[in-house]
Amino acid sequence: LERAVTEVVDLAYYSARAREYERIYSKPERQVELQGLRDVIPPCFSDLSVLEVACGTGYWTQYIANFASAICAVDLSADTLAMARAKNLNPDRVRFLIADAMALPIDLGIFESSFCGFWWSHIPRTAIFDFLGSLHLHLAPGAKVVLLDNLYVEGSSTPISRQSDEGDTYQLRQLSDGSNYEVLKNFPTEQELRIQLGAHARRVKYTSLQYYWYMEYEVAA
Ligand SMILES: C[S@@+](CC[C@H](N)C(=O)[O-])C[C@H]1O[C@@H](n2cnc3c(N)ncnc32)[C@H](O)[C@@H]1O
């Protein structure tokens, strides 16, 4: 567990940021697109059991919960999960769980679909294959997966501070208490995404908006 945590993200950053996290959903220039995404994404999960990966404060969980038959939403940070639990979503349908997305618990179960919101961009390129292996162990063949993430937009996105030899890009982020963190944040092209999904996926559909991209696919048998 420790290995995955230190390699994948700075968990301290997300825990420290939990209380102010949802401010990213208030950027004025993004409101129209976000409303469009709130209209389009949750119905993808109508009547399906959903494994939500890295659910954070449960921002998307609350909308998906209106459509899904059941949601198991996991995140590694107890602090973001506390915010998610405070949303008081229907406990008959939604359960929140601490888990490492890179090593999901074996007894998690098998789901009909998965949603990964703003998670893909934080996975080091060299770990994508392992992540897909971990995720797909818990998805039935043909299960529907939706990945939603950011496009890089000059002037609106936090600038990229450096690129590693593996091709991962980083941003320097400051929280309201003045603390600074370097965060891995990748902005893959459609072509890169298709290559990364490779034989894991079929019926892949990519949609790019101005600020966001999302990719839908079915888990290959
Ligand atoms: C950018 S946030 C996305 C939150 C949420 N999905 C949303 O769209 O609002 C990334 C989340 O990944 C979580 N995270 C980081 N490393 C993780 C890991 N190894 N396993 C599961 N969650 C992790 C963080 O705690 C954080 O909540």
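Derivation of every value follows stated rules applied to the coordinates shown; laboratory data play no part. Because the structure is predicted, anything quoted here is derived from the model rather than measured. Virtual Cβ from ideal backbone geometry, glycine too; neighbours counted across all protein chains shown.
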Subject >> Label-to-label distance, nm, for residues given as residue 199 and residue 47 (7 Å Cα→Cβ offset) >> reply: 3.4 nm
Subject >> Rg followed by Dmax, in Å, when the chain is reduced to its Cα trace >> reply: 16.4, 48
**OP:** Send over the semi-axes of the range 85-157's equivalent ellipsoid, whole angstrom and largest first, taken as the square roots of 5 times the C-alpha gyration tensor eigenvalues.
**Re:** 24, 19, 12
Original post:
Points 7 angstrom from Cα along the Cβ direction at residue 87 and residue 166: gap in nanometres?
Top reply: 2.9 nm
**OP:** Filter the cross-link list 27/185; 87/185; 87/205 down to pairs whose alpha-carbon distance in this structure exceeds 24 Å.
**Re:** 87/185; 87/205
Subject >> Charge dipole magnitude, Cβ of K and R +1, D and E -1 - the range 61-186, Cα centre, debye nearest 20 >> reply: 380 debye
**OP:** Answer with one residue from 41, 151, 11: the one whose Cα lies farthest towards the positive end of the charge dipole of the chain, charges on Cβ with Lys, Arg +1 and Asp, Glu -1.
**Re:** 41
Original post:
So how strong a dipole does the chain carry about its Cα centre when Lys and Arg Cβ are +1 and Asp and Glu Cβ are -1, to the nearest 20 debye?
Top reply: 420 debye
**OP:** Multiply the residue separation of residue 151 and residue 67 by 0.36 nm, subtract the distance between their alpha-carbon atoms, and state the gained length in nm to one decimal.
**Re:** 27.6 nm
**OP:** Give the dimensionless ratio obtained when the Cα radius of gyration of the range 1-123 is divided by 2.2 N^0.38 Å.
**Re:** 1.03
**OP:** Place a +1 charge on the Cβ of each Lys and Arg in the range 13-71 and a -1 charge on the Cβ of each Asp and Glu, then give the dipole magnitude about the Cα centre in debye, rounded to the nearest 20.
**Re:** 240 debye
